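Trainee: Input: one structure, supplied below.
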C-alpha cells in the first residue's frame, strides 16, 4: 500500500510576472491531515486549485496514492476518474449548491454520475447519517438550511465518491463559532472512520491546531516553514510564522507591536 | 439612574424591534451604552441582532420595523429625529465602518471624492478645506495623500479599510460604529487596523462600538463587552471578568467551542443545536434548548439581567448563574 494519499513535488505557477506558487512540495499520508496556512496572496488557494485540477501547474507533479495525477486528460471518463481522487469543499456552500435541488437529489445525482446502474438508496442514507443530517433535511433545498447544515451537505457530496483526498478551502471560515466547532468535530470523526486524507487550507491558526497533524506555512508563493503542527506552533522558526502567531488576538495582545513587526519583515 | 451632566455618547434603552412576519421581536429589550471615548465590543453569532443594534444608532432600520424603547446619541433621541436631523447625525455625530470596504465604495470614483463628498454635500466644509482634512486623515491612518487620486481598485483591502476609517472620521464623529471591520482582512492586517483604531480613539476621543463574532478579538481590544443571543443581551461586563469567569452558560459555551492555540488538541466542546428561529415564540430563556444547566423555569420565564455578587458592572441574564460559578467551562 502506498504511503502517501497525496504528494506535491516542486509545484510552480506564475501569473504574468507574479510567482503565485514557487517550488511548493508537501506530502500527505493516508488518513493524515495537512494544513496550509498563509494570508491573501500567499499562494495557498492556487496550490489547492492545482491539486484539485482547477488550475494547471507550469511545472511540478501531483501524485495521488503514488501515481501521477492525470491533470491534462480530457473526456468524460478521465474527468470523472480525476474527480474520484480528490474532492473539494469550498468556503461558502451557498454558492456551490444548486438552489433548486434538494439535498437528497444532490447526493443521488453525484452517485448516478460516478456509479451508474447501482441502487443508491442505502448509500444516500449512509451519507446523510455520516454528516449528521436527518430525513427532514434530506428533502430541503439549500436556502431552507442553516450555514452549518449546508456545509454538511457539501461534505456529504464530496464523500459520496469515496475520494482519497478532501481539499477543504477555508471550509469553516464563514461559520459561527458554535457551528464551526460542530463541523470541525464532524470532520475529525469522518477522518477516523474513513481514513480519508485532508488538505486543510486556512488562515486560522486555532483551526489548524485543532484539525491537522502537519502544517506548511506559505508566504508569497513559497513554503517558509513546514513540520508537525504542534511543533511549528510551539517553536516557530521563521519570523513570518512568529508574526502570524503573535497576530492572533488574545488578552494582553499588542497590536502596535505586531504592526511594527509586520512592517519590519 | 440617568447621568445628568454628560450624557453617554450612545445610550440604548429597552430597545425592542419587531419585523413583519416574525413570531418574536428581533431585538427584545436591549440595554447598552457607550461612554465618551470608551471601546465597547458587541459580540454575537449571525442573527443575534448585533448589527441591527449598532445600526439603530443611525436609525438605519429595516422597512416595516416596529420600534419601542429609546436610542440616544449624546442625549438626543435618534428614533424621533426628522430627515434633516438624521442627515446631520449621519454626517457628523455618528459614523460607520463596514466589513467589506469594496462593497461600500464606488469603484468608478476617486478615493478623494469619496472622502470629501459627505462634508461638501452637506455644506459643513468647503471643497479646499475638505480636501485638506482628507489628506490629513489619510496621513493619520498611515497612508500617503497620493491615495486621494487613486481608484478603489488600485489599492489593497487593508489600505481600503484605512480609507474607510479616514472617511468615517471626516465629520469628527463622537461615535464610531465598526461592524466586523477586520473580518475580511488577514490576521496581520487586522492587528494593524485595530492598533490604528485604538490610536485614533485616544487622539480624537471617539467612542467606539465594535461589532464582532470573535470573542478573543473582543477581549483583546475592548473596555467592556456585551454578548448577544437571539436578540437579547445575555451577558455584559468588563472584558477580563467576562472571560475569566463567564456568568452566562452561552458565553461559557462560546469560549469553550473556540479553537485556540493554547487549548488542548482534539475534539471541541461544540454547542449542540442551533439558535432559535424567528418564527418561533420564546416565552423563556432563548438559550434554554441548548443549555446544560437549563431547568423547568428556563423554558417558562425569561431571565432578567442580574449583577454578579460584588460586581455591579458584570451582568448576566441567567436563572442559574450561580451554578456556573467555579464549574469548568468545558463541562
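Read the figures in this text as sums done on the coordinates, not as results from a lab. In this text, all values refer to a predicted model and were calculated from it rather than measured experimentally. Here Cβ is always computed from backbone atoms with ideal geometry, including for glycine, and neighbour counts include all displayed protein chains.
Trainee: Express the relative contact order of chain B as a whole percentage, based on alpha carbon pairs under 8 Å and six or more residues apart in sequence.
Mentor: Reported relative contact order: 21 percent.
Trainee: When ranked by the protection proxy of mean other Cβ atoms within 10 Å per residue, highest first, what sequence do the peptides A:152-163, B:82-93 form? Walk me through the numbers on the way to the answer.
Mentor: Numbers: A:152-163: 22.2, B:82-93: 14.7.
For the peptides A:152-163, B:82-93, the packing ranking is A:152-163, B:82-93.
Trainee: Now, a different point. Given a cut-off of under 8 Å on Cα pairs at least six residues apart, what relative contact order in percent is computed for segment A:4-230? Intermediate values should be presented prior to the final figure.
Mentor: Details: 434 pairs, mean separation 72.2, N = 227.
The normalised contact order for segment A:4-230 reaches 32 percent.
Trainee: Moving to a separate point now. Just to confirm the number: angle between the C-alpha axis of helix B:127-140 and the first principal axis of chain B, 0 to 90 degrees, nearest 10?
Mentor: 50
Trainee: Still on this model: Counting only other chains, and only Cβ atoms inside 10 Å, what mean value do you get across the residues of A:171-178? Don't skip to the answer; put the middle values down first.
Mentor: Numbers: counts 0, 1, 1, 2, 3, 11, 16, 16.
For this peptide, the per-residue mean of nearby foreign Cβ atoms is 6.
Trainee: Hey, got the average number of other protein chain Cβ atoms within 10 angstrom for residues in B:191-197?
Mentor: Values: counts 15, 8, 2, 7, 8, 3, 1.
Whole-number average of other-chain Cβ neighbours for B:191-197 is 6.
Trainee: Further question: Divide by every residue of chain B the summed helix terms, -39500 (n - 2.57) for each DSSP H run of at least 4, and state the resulting mean residue ellipticity at 222 nm, rounded to the nearest 500 deg cm²/dmol.
Mentor: Working: 12 runs with 104 residues, N = 331.
Computed mean residue ellipticity for chain B: -8500 deg cm²/dmol.
Trainee: A further question follows. Provide the percentage of antiparallel DSSP beta bridges, counting only those with both residues in chain A; round to the nearest 5. Working shown, then result.
Mentor: On the way: 22 of 40 bridges.
Taking every DSSP beta bridge within chain A, about 55 percent pair in antiparallel fashion.
Trainee: Antiparallel as a % of all DSSP beta bridges within chain B, to the nearest 5? Intermediate values should be presented prior to the final figure.
Mentor: Numbers: 26 of 44 bridges.
Among the beta bridges of chain B, antiparallel pairing accounts for roughly 60 percent.
Trainee: Moving to a separate point now. In degrees from 0 to 90, rounded to the nearest 10, what is the angle of the helix B:111-121 Cα long axis to the longest principal axis of chain B?
Mentor: It works out to around 90 degrees.
Trainee: Shielding by partners for B:213-224, please: the mean number of other protein chain Cβ atoms within 10 Å of each residue's Cβ. Spell out each step's value before the answer.
Mentor: On the way: counts 4, 2, 2, 7, 4, 1, 5, 8, 3, 0, 0, 0.
Average per residue, whole number: 3.
Trainee: If you don't mind, there's one more thing I want to ask. What is the helix-to-structure angle for B:157-169, meaning the angle in degrees between its Cα long axis and the longest Cα principal axis of chain B, kept from 0 to 90 and rounded to the nearest 10?
Mentor: Approximately 80 degrees, to the nearest ten.
Trainee: Okay, next question. Report, for the protein assembly as shown, the % of DSSP beta bridges that are antiparallel, rounded to 5.
Mentor: Details: 48 of 84 bridges.
Bridges in the protein assembly as shown are about 55 percent antiparallel.
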